1. Given points 7 Å out from each Cα along the Cα-Cβ axis, report the A:Glu77 to B:Arg141 separation in nanometres with one decimal.
2. Fully extended, how many nm does the chain gain between B:Glu41 and B:His211 (0.36 nm per residue separation, minus their Cα-Cα distance)?
3. Would you mind checking region A:1-27 for residues with the amide N under 14 Å from a putative spin-label position 7 Å along Cα→C-beta of A:Glu58?
4. Would you mind getting me the FRET efficiency between B:Met249 and A:Ala235? Use the beta-carbon distance for r and R0 = 45 Å, nearest 0.05.
5. Which value in deg cm²/dmol, rounded to the nearest 500, describes the helix-derived mean residue ellipticity at 222 nm for the protein assembly as shown, given -39,500 (n - 2.57) per DSSP H run of n ≥ 4 and division by the residue count?
6. For the pair A:Asp180 and B:Leu153, how long in nm is the line joining their label points, each one 7 Å along Cα→Cβ?
7. Test of understanding: in a Gaussian network model of chain B with alpha carbons linked when under 10 Å, which of B:Phe47, B:Phe256, B:Phe265 would top the mean-square fluctuation ranking?
8. For chain B, what is the convex hull (Cα atoms) projected area averaged across all directions, in square nanometres?
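Since every read-out is calculated from the coordinates, none of them should be taken as a lab result. What you see is a predicted model; the values in this text were computed from it and never measured. Every residue, glycine as well, gets a Cβ built from its backbone with ideal geometry; the counts of neighbours run over all protein chains shown.
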Amino acid sequence: MNGPFAFTLALGDDALIAAQRLAEWTTRAPEMEEDIALANIALDQLGAARLLLSYAGELEGAGRDEDALAYLRDDREFRNCLLVELPNGDFAVTMAKLLALSAYQLPLYTALAGCADERLAAIGAKARKESAYHLDHAALWVKRLGDGTEESHRRMQAGIDQVWPYVHELFAAPPGAPVDPATLRGDFDTTVAAVLAEATLTLPDSGWAPGGGRDGVHTEHLSYLLAEMQVLARAHPGARW
Amino acid sequence: MYGNDFSGEDAPGGLLGEVEAAEAALRAAAERDRGAAGPGEDLAAYFAQVIDADQKIEPRDWMPEAYRRTLIRQIAQHAHSEIIGMQPEGNWISRAPSLKRKAILLAKVQDEAGHGLYLYAAAETLGISRDELVDLLLNGRQKYSSIFNYPTLTWADVGAIGWLVDGAAIVNQVPLCRCSYGPYARAMIRVCKEESFHQRQGYEILHVLAHGTPAQKAMAQDALDRWWYPSLAMFGPPDGDSTHSAQSMAWKIKRFSNDELRQRFVDMCVGQAEVLGLTIPDPDLRWNDERQAYDFTQPDYAELMQVISGNGPCNRERMAHRRHAHTEGAWVREAAAAYAAKQKNKEKVAA
Amino acid sequence: MSDSSPLWEVFVRARRGLAHTHVGSLHAPDAELALRNARDLYTRRQEGVSIWVVPASGITASSPDEKDAFFDPAADKVYRHPTFYEVPEGVAHL
Ligand SMILES: [Fe+2]
Ligand SMILES: [Fe+2]
């Protein structure tokens, strides 16, 4: 895998799997207004995924388009971080995941917007506005749940505790990346610390830092997610939709 | 089931054109001088005058209690249908066969949630809260459209729903853009503009399938076979058996009968099915020169009554799903309320 | 909901140069959520450049510098507009 391809693919996979998970909330959100909000965020992630995967396909030069990359790879070939493939859990877990993801994607896309690769710069410029919105949304809910009722506080803290070990993987740099994610860690930590403080929540201190997504070594969950996502496309090889 | 009214002629631009014409008529009627003063002593006479002049009744106007109740029932039922209607199509979001289709379907189902909310908001102007309406749905005291109690078994069903179910909904709803109650008419104008996208994406799905592999074409035909008659049943029982129609017509909530709308829908679909290359599952479907309309086989109204009374294939699942989401979300809604209350207190202390 | 998630009226400025127009209402426990819900509910097709949400008392408006992140994301969702779909020749009433 060449560097730019691997990097673009990893970002595209992050966005695609995040979209697939967020879309699972449709018809199930805690309030009808939130159903719409989560669908919006899923649509943004899906839109970014399509741009990134299309471009990754071009970088690869093997004739694969967004759908070939999304539907015809197995889990060992996916390069998304583990964070996005984790099951949605309750609404608090989903908001913890969204907080981590958007606090990472915002500075990442912002940095990409200024990078030398014009295509990635354009995608970054578009996606960072969306990420800012996602981050606002996650922060808004983390504060409300953290500083809401006793039950919501307990659930929100549990969500953060459950999700946080998976954050470390986000900042490992793939070789040849136009932006080194390690340089984003400071921004990420500042953003998250401010939200959690206001939400009366704390970060767990755990030495556990699972990883492997960038190398195609995933949790057991991803294969099920892909089985569902790909079932129809794979049942009709070569068909147009 | 929703009510109706449309001009006999197709306005330029098809259904979207009709929606725009309704919007223009709403504005024109608002400008028109009725030649009468505001409401005097006789509120009922004033109400009748406004209706006669094709103007809109607004939330704080006096209105007959039965008018209010009819509207609440109809708008709420419509809102519930939008919300429950998300489920059959939502069923395929995770498995949509291309990323483009996934994005379109997700946006479409999201729109339906929006429609539900516009409509709940319109109903609330009549003096009932959304909480109460949601309760009425959840404990089964108010209904939603029977069509959503049928299962989506294949991807082609998503196409069939867009084309036929959204299509039938538009035929039902375009006339409601001229409904005498202002908030409902305005909500319907908004909804109908969005529905046009829904119908087209469904038709496009079927068109691609019908021109795809033999398996895809078979999938499309199977979907049409299963969705055709339930879609015809969406217009409600035949005119002879329809309750509360006459009064709704007099109040200009409804302007065309169930059978008139059903006929219009069939007449629209025949040519569209031909372009798809699919066969409408009705051997008796044929043009009647005398009537200048198609003769067709009526849907099974006994089945419709069964589905309405709760015995369709998916009634129980749809309701259980909705109740589950509502119950599971309670702690989140409580948290948001508690947080808002705390913030208010802080503001008070700071002030 | 009536107590804990009050009703807000929503006003949208569709384009620069136009006044805010009432577009409907929604429920939210506080102004921040109301504004966010209004954005998602009433401007899914770029229908607005500015939103006000109004509770029983007082007005809360979206601040102009939020505009980009607030409204741009809808700009690329062309599939929401019916003209995005190929209507095969000869199809009427669609
Ligand atoms: Fe709808
Ligand atoms: Fe629709």
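1. In this crude label model, A:Glu77 to B:Arg141 measures out at 5.7 nm.
2. Roughly 54.6 nm would be gained on extension.
3. A:5, A:8-9
4. 0.35
5. Details: 26 runs with 389 residues, N = 686.
So the helix-based figure for the protein assembly as shown works out to -18500 deg cm²/dmol.
6. Reported label-point gap for A:Asp180 and B:Leu153 is 5.9 nm.
7. Looking only at B:Phe47, B:Phe256, B:Phe265, the biggest GNM fluctuation is shown by B:Phe47.
8. Averaged projected hull area, Cα only: 22.3 nm².
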